[in-house]
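**Student:** Below is a structure I'd like to ask you about.
The values are calculated or read from the model by the stated rules, or taken from the named source; none is laboratory data. Computed from a predicted model, the values in this text were never measured in an experiment. FYI the Cβ positions are ideal-geometry reconstructions off the backbone, even for glycines, and counts take in every protein chain you see. SASA here: full protein model, heavy atoms, side chains in, ligands and nucleic acids out. Shrake-Rupley method; radii C 1.70, N 1.55, O 1.52, S 1.80 Å.
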Amino acid sequence: MAELSRLVVEATGFGVRGALLDGDRLIEVVDVDAVGEQVAEALFLGRVTAVDRQLNAAFLDIGLERPAMLAAKDARFAAGSEERLPIGRLVREGERLLVQGVREAAEDKGARVTTDVKLMGFHLLWRPYGIGPETGPARGAEREALRLRGETLFPERAVTLRRHAARVEDAVLRAELERLEQRWRALRAEAEARRRPGRLAADEHPLERLLRQVLDPALRRIEIADPELLGRARALLEGPLAPHGIALVRLDPTKGAFAQTGVEAELERAMGREIELPGGGRLIVEPTAALVAIDVDGGGRPALETDLGAAAEIARILRLRNLGGVIVVDFVDLPNRRDRQRLEQALAKAFRDDPAPVQIHPMTPTGLVEIGRARRGRSLDQLLTRPCPACSGSGRIPSLRAVAEVLRRALGASPVRRVRLAPDLARYLEGEARPVFEPLRATLVVAVDPSLGPGGFVLEAADGRAL
């Protein structure tokens with residue numbers, strides 16, 4: 001994120017969504033939920049429902065639709081064991097455990113969790129159980145300096161200093177560890193008092209987690225429209241984030257932050273099947289179950305010029321949409337070996353700041369380049385779109401999550417008294433999205449209308465007029 005300068009934050013109802021921009025160029029979108037199915041980093045009270053000795057893992061009810069998996073190597077921390085013991089010696093059926101999400105659910109697999117809880121601050125990471133080593137992201141001399149400073153400040157406390165710690169004084173670090181200790185006490189107390197498995201309310205606010213994820217020396221400005229989020233951001237920027245000198249910009253609270261900053265329009269363009277290249281040409285992006293296929297169309301531009309321009313845009317689109325796995329790019333053919341090497345160098349440079357591990361393979365004689373990008377959580381395509389249920393084709397329509405976000409904004413901006421919902425949207429709002437919409441139902445008359453298409457809704461005023 002070396003060139004990053006702005007963060008625009010939008011309230012979604014489920015949590016927050018942040019758009020990272022270099023000037024007006026959209027680089028990445030980060031989604032952090034407080035409710036729903038998102039698991040990574042979140043903390044849960046889980047109950048062991050099954051112990052599978054053959055898999056050497058246990059399955060836990062954490063309050064979501066599918067059980068989460070706890071591998072034996074991840075179960076030993078709460079048990080206080082430094083050894084890697086069989087799962088049957090670490091947990092038992094019916095046991096209650098405080099766990100943290102490691103990996104999102106995917107296809108037919110549930111989420112994965114661990115008892116190796118890591119409480120992350122802006123400048124340090126603390127592992128309450130403190131079993132086994134933990135290394136920070138910094139490298140070489142910088143990492144060694146941070147390690148020595150951490151051991152001096154917090155001897156035998158399983159604290160790892162993040163690279164941002166180099167910019168702050170010792171007092172800031174000590175205060176941050178105290179806040180993490182208070183949070184851990186609150187989490188444990190809630191887990192002990194809670195009757196049913198589920199996400200712990202004492203977990204940090206999604207805005208704080210978002211800012212932790214995107215904190216970077218190049219981040220100069222945060223722009224927010226929502227008054228509640230604005231107040232939280234101000235408290236953080238005047239408190240633990242004060243040493244970083246990040247400015248806070250108040251946007252018009254009557255409009256969405258993404259809409260008034262151009263992020264919404266940029267995101268819509270980036271999510272399309274065809275993406276125009278600066279200077280001419282286009283990318284055709286086709287995510288499939290097996291891989292992501294990208295075709296580079298030069299539109300008459302010279303081959304090398306087209307491919308070099310496409311390299312930067314491909315890196316941006318993959319990061320922005322969080323597309324991972326195997327990516328196959330059909331570049332315009334480059335018969336000259338020196339030109340192919342220039343393209344490979346341009347790709348390496350374009351992916352240099354990508355937070356996910358990326359591996360780039362040499363171009364084949366037919367112009368194909370295979371890129372491996374690690375999968376991390378949900379892609380934007382999975383979050384904001386879904387296959388059209390009305391046909392058997394490959395078309396996609398807005399996801400129920402995306403429709404729910406639009407509906408929530410519309411309910412807040414209009415004098416709505418009645419809402420008619422398509423059956424699939426009604427089921428979604430009664431299920432996963434219930435915590436978001438339950439507070440709004442008291443002032444609404446809600447009806448299910450089978451005549452509406454998938455994900456459809458109609459808002460009506462008190463006199464029955466459609467809004």
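**Student:** Show me the helices (runs of 4 or more DSSP H) entirely contained within segment 227-315 in which 1 or more residues are out of contact with any Phe, Trp or Tyr (no Cβ under 6 Å at 6 or more places or on another chain) and closer than 30 Å to ILE327 by Cβ. Full working, then the answer.
**Tutor:** Working: elements: 227-238, 257-261, 263-270.
The qualifying helices (runs of 4 or more DSSP H) are 257-261, 263-270.
**Student:** I've got another one for you. How about segment 105-122: which of its residues are among the hydrophobic types (A, V, I, L, M, F, W, C), open to solvent by 10 Å² or more (accessible area, probe 1.4 Å) and closer than 21 Å to ALA78 by Cα?
**Tutor:** Within segment 105-122, MET120 is the sole residue that qualifies.
**Student:** Let me ask something additional. Among the candidates GLY94, GLY18, GLY80, GLY46, single out the residue that is assigned to a loop (DSSP other than H, G, I, E, B) and either in contact with a His (Cβ under 8 Å, 6 or more places away or on another chain) or at pLDDT 95 or above (or both).
**Tutor:** One residue alone meets the criteria, GLY94.
**Student:** So ALA242 clears everything in (1) within 30 Å of ARG338 (Cβ to Cβ); (2) at pLDDT 90 or above; (3) open to solvent by 40 Å² or more (accessible area, probe 1.4 Å) except one condition, right? Which one?
**Tutor:** Every listed condition holds for ALA242 apart from (1).
**Student:** Being out of contact with any Asp or Glu (no Cβ under 6 Å at 6 or more places or on another chain), outside any strand (DSSP E or B), surrounded by fewer than 21 Cβ atoms within 10 Å (Cβ to Cβ) and at negative phi is true for just one of VAL35, VAL102, VAL30. Which residue is that?
**Tutor:** VAL35
**Student:** May I pose another question? Just give me the residues in segment 414-430 being open to solvent by 30 Å² or more (accessible area, probe 1.4 Å) and either free of Cβ contacts under 8 Å to residues at least 24 places away in the same chain or touching a Gly at 6+ places or on another chain (Cβ under 6 Å) (or both), in sequence order.
**Tutor:** ARG427, GLU430
**Student:** Can you report the number of residues in segment 190-209 which are farther than 16 Å from GLY101 by Cβ, of a type outside the set (Gly, Ala, Ser) and either touching an Asp or Glu at 6+ places or on another chain (Cβ under 8 Å) or open to solvent by 10 Å² or more (accessible area, probe 1.4 Å) (or both)?
**Tutor:** 7
**Student:** Another question, if that's okay. Which ones in segment 317-365 are open to solvent by less than 30 Å² (accessible area, probe 1.4 Å) and either among the basic types (Lys, Arg) or assigned to a loop (DSSP other than H, G, I, E, B) (or both)?
**Tutor:** Across segment 317-365, the qualifying residues are ARG319, ARG321, LEU323, GLY324, PHE331, LEU334, PHE351, ASP354, ALA356, MET363.
**Student:** Name the residues in segment 298-313 that are of a type outside the set (A, V, I, L, M) and in contact (Cβ under 8 Å) with a residue 24 or more places away in the chain, would you?
**Tutor:** Across segment 298-313, the qualifying residues are GLY298, GLU305, THR306, ASP307, GLY309, GLU313.
**Student:** Any residue in segment 96-116 that is under 22 Å from ARG196 (Cβ atoms) sitting within a Cβ distance under 9 Å of a residue that is hydroxyl-bearing (Ser, Thr, Tyr) and at pLDDT below 95? List the pairs, counting only those 6 or more apart or interchain.
**Tutor:** So the pair list comes out as THR115/TYR129.
**Student:** Which condition number does ILE87 fail, the rest of (1) of a type outside the set (D, E, K, R); (2) surrounded by fewer than 21 Cβ atoms within 10 Å (Cβ to Cβ); (3) farther than 26 Å from ARG378 by Cα being met?
**Tutor:** All conditions are met except number (2).
**Student:** Which residues, taken from segment 170-189, are open to solvent by less than 40 Å² (accessible area, probe 1.4 Å) and free of Cβ contacts under 8 Å to residues at least 24 places away in the same chain?
**Tutor:** Of everything in segment 170-189, nothing turns out to be open to solvent by less than 40 Å² (accessible area, probe 1.4 Å) and free of Cβ contacts under 8 Å to residues at least 24 places away in the same chain.
**Student:** Right, something else. Which of the residues spanning segment 68-84 are hydrophobic (A, V, I, L, M, F, W, C), more than 16 Å from LYS109 (Cβ to Cβ) and open to solvent by less than 30 Å² (accessible area, probe 1.4 Å)?
**Tutor:** If the condition is that a residue be hydrophobic (A, V, I, L, M, F, W, C), more than 16 Å from LYS109 (Cβ to Cβ) and open to solvent by less than 30 Å² (accessible area, probe 1.4 Å), then ALA72, ALA75, PHE77 are the ones that fit.
**Student:** Next question. Restricting segment 270-297 to residues that are touching a strand residue (DSSP E or B) at 6+ places or on another chain (Cβ under 7 Å) and without any contact (Cβ under 8 Å) to a residue 12 or more places away in the chain, which is least open to solvent (accessible area, probe 1.4 Å)?
**Tutor:** GLU274
**Student:** Exactly one of (1) more than 18 Å from LEU215 (Cβ to Cβ); (2) part of a helix (DSSP H, G or I); (3) modelled with pLDDT of 90 or more is unmet by ARG196. Its number?
**Tutor:** For ARG196, the failing item is (2).
**Student:** Given (1) open to solvent by less than 60 Å² (accessible area, probe 1.4 Å); (2) farther than 18 Å from GLY130 by Cα, where does GLU65 come up short, assuming only one miss?
**Tutor:** Evaluating GLU65 over (1) open to solvent by less than 60 Å² (accessible area, probe 1.4 Å); (2) farther than 18 Å from GLY130 by Cα leaves (1) as the failure.
**Student:** Does VAL51 satisfy the criteria of being in contact (Cβ under 8 Å) with a residue 12 or more places away in the chain, surrounded by fewer than 23 Cβ atoms within 10 Å (Cβ to Cβ), in a strand (DSSP E or B) and not charged (D, E, K, R)?
**Tutor:** The answer is yes for VAL51.
**Student:** Let me ask another. Within segment 213-226, can you find the residues that are open to solvent by 10 Å² or more (accessible area, probe 1.4 Å) and part of a helix (DSSP H, G or I)?
**Tutor:** Selection gives GLN213 alone.
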